[in-house]
DNA sequence: TCAAGGAATTGATTTGAATCACTTCAAGGA
DNA sequence: TCCTTGAAGTGATTCAAATCAATTCCTTGA
């Protein structure tokens with residue numbers, strides 16, 4: 001059943017691109033079996049090696065998917081924003097999760113059980129196609145990461161991350177608030193907090209960006225940052 | 001129409017996991033519109049920035065998908081073996097390809113045009129689900145790469161690559177032939193040919209592997225290699 | 001309000017791997 | 001068959017970035 005967090009107007013299913021276009025009655029049916037749950041920052045949703053038979057959807061907040069090395073180093077593989085789904089690998093393959101899912105702030109998740117999800121897929125012939133489109137996009141991003149990680153230097157990867165956050169989160173003034181700590185930013189681009197600190201300082205002294213506090217960033221020279229990051 | 005390379009017994013569609021389970025009549029219909037073409041080593045199938053509205057399937061041979069930096073460095077993002085499909089991104093999104101597709105040996109490709117592919121999808125409700133499963137696996141591999149690339153050292157990534165090739169291509173003797181040059185192996189794991197050369201030499205002098213010629217590799221201590229690579 | 005613990009910064013140092021330079025080897029084309 | 005060209009191997013050197021070491025700065029929770 002649907003908990004109080006999942007009122008009609010704000011159901012996950014209404015806001016998630018991949019469910020758009022479903023028949024009304026099927027949306028209603030799916031809503032009935034959709035649960036939701038709040039997770040605090042740092043409270044793992046699942047870990048590498050866990051199993052689950054659930055599709056998760058981010059309703060509010062922000063989640064990091066991470067891998068951890070034996071020495072305890074953490075790599076953020078992807079950030080999940082409201083509207084993004086996850087958990088599909090374990091659900092479809094009946095395999096263990098290969099990443100950790102951890103909120104970086106208080107986050108609300110919707111949960112759909114495997115049988116309900118598959119039932120809905122059978123009734124909605126185009127739903128698996130829309131998931132296919134979504135996975136297509138996601139694979140694109142993962143492939144980009146693979147390339148970037150070994151073809152670009154830290155400075156370029158950082159510039160790229162700033163441009164991407166800028167595009168995704170900028171306010172009317174053009175400034176944006178980093179949604180994650182600089183430590184996490186470092187992990188996302190595959191470097192250390194120290195290196196991020198130094199490179200951001202360099203960008204500031206080159207007047208490419210301006211920083212206010214530790215999360216507010218204003219990009220002053222977008223074109224130059226794109227130049228550095230080899231984004232065209 | 002189907003060319004001479006695509007005889008009944010050896011049609012791509014027969015051997016490709018993702019098309020398995022289709023209705024016979026639909027397979028036949030799709031075969032009629034499937035073309036095939038031979039590519040020589042080094043002859044690009046498509047390049048970053050090209051467009052195409054074609055699904056490609058590897059029938060014989062081996063293809064590398066690569067990204068190139070402005071300075072001309074090449075990163076192999078994925079290898080495609082017989083039975084693997086590619087070109088889906090551009091087809092589904094009407095966008096440019098974001099990678100180069102280049103055979104590393106003489107290769108036979110089957111080609112299915114977008115309209116034929118989408119028609120078949122409409123007639124076979126579970127086909128998009130099977131593509132979804134395939135993309136799910138592929139995303140897993142890409143995510144693994146992202147993690148490996150920044151969490152593991154060159155030695156570990158090389159050990160991992162050797163174990164994977166071993167699992168995929170080993171003969172009854174346990175030896176296998178590297179399907180790619182060491183230069184490409186270097187690109188695949190995100191390092192330089194010099195580093196690969198040195199690390200392989202180190203593995204040899206540790207008696208973890210034995211090499212015959214330049215492509216024949218015999219793994220002597222699989223467990224130790226897995227240990228090094230942090231594969232469990 | 002204060003204390004505690006993580007985040008961030010900054011400087012000094014180390015290091016893994018890239019780069020450079022050259023030689024040798026091998027495969028494919030004329 | 002030879003010859004060209006790229007692949008591969010090896011040593012010397014450089015360099016980007018990680019690591020190590022201290023502070024300082026914030027948050028957050030008691």
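Every number in this text was worked out from the coordinates using simple rules, so none of it is lab data. What you see is a predicted model, and the numbers here were worked out from it, not measured in a lab. FYI the Cβ positions are ideal-geometry reconstructions off the backbone, even for glycines, and counts take in every protein chain you see.
Is the shape of segment A:153-229 best called rounded, prolate or oblate, per the rule: a/c under 1.5 gives rounded, else a/b larger than b/c gives prolate, else oblate, with a ≥ b ≥ c the square roots of the Cα gyration tensor eigenvalues? It is rounded, given that a/c, with a ≥ b ≥ c, falls under 1.5.
With Cα atoms defining each centre, segment A:80-154 and segment B:142-194 are spaced 26 Å apart in the structure. Taking 0.36 nm per residue of separation and subtracting the Cα-Cα distance, full extension of the segment from residue B:48 to residue B:94 would add 15.2 nm. Inter-copy label distances at residue B:38, using a point 7 Å along Cα-to-Cβ, come to 6.7 nm with the shortest given first. Normalised by the number of residues in chain B, the mean separation of alpha-carbon contacts (under 8 Å, six or more apart) gives a relative contact order of 19 percent.
Comment: the Cα-to-Cβ extended label point of residue B:69, at 7 Å, lies 1.9 nm from its counterparts in the other copies, nearest first. Both the radius of gyration and Dmax for segment A:32-110 are 12.1, 44 Å, in that order, over alpha-carbon atoms. At R0 = 45 Å, how high is the FRET efficiency between residue A:29 and residue A:172 if r is their beta carbon distance? Nearest 0.05 is fine. The computed FRET efficiency comes out at 0.65. Relative intensity of segment A:72-173 on a log10 scale, I(q)/I(0) at q = 0.16, 0.18 Å⁻¹, equals -0.97, -1.17, per a Debye sum over C-alpha point scatterers of equal strength in the absence of solvent. Obtain the nm distance between the two label points defined at residue B:194 and residue A:227 by a simple spin-label model: each point lies 7 Å from its Cα along the Cα-to-C-beta direction. That separation, rounded to one decimal, is 3.1 nm. Note on chain B: Cα convex hull, mean projected area over all directions, 13.9 nm².
Volume per residue of the convex hull around the Cα atoms, evaluated for segment B:12-149, comes out as 106 Å³. When a/c reaches 1.5 or more, the comparison of a/b and b/c decides; with that in mind, is segment B:189-232 rounded, prolate or oblate per its Cα gyration tensor? Judged from the Cα gyration tensor, segment B:189-232 comes out oblate (a/c at least 1.5, b/c at or above a/b).
Hydrodynamic estimate: the Kirkwood radius of segment A:93-149 over Cα pairs, inserted into Stokes-Einstein at 25 °C and 0.890 mPa s, corresponds to D of 172 µm²/s. Shown for residue B:193: label points 7 Å from Cα along the beta-carbon vector, and their distances to the equivalent points in the other copies, 4.2 nm in ascending order.
Evaluated at 37 °C with a viscosity of 0.692 mPa s, what Stokes-Einstein diffusion coefficient in µm²/s does the protein assembly as shown have when Rh comes from the Kirkwood expression over alpha-carbon pairs?
The diffusion coefficient I find is 136 µm²/s.
In segment B:153-229, Cα pairs under 8 Å separated by at least six residues give a relative contact order of 39 percent.
Counting only alpha carbon atoms, the long axis of helix A:114-123 and the longest principal axis of chain A meet at about 80°.
Calculated FRET efficiency, residue A:126 to residue B:211, Cβ-Cβ distance, R0 = 56 Å: about 0.60 to the nearest 0.05.
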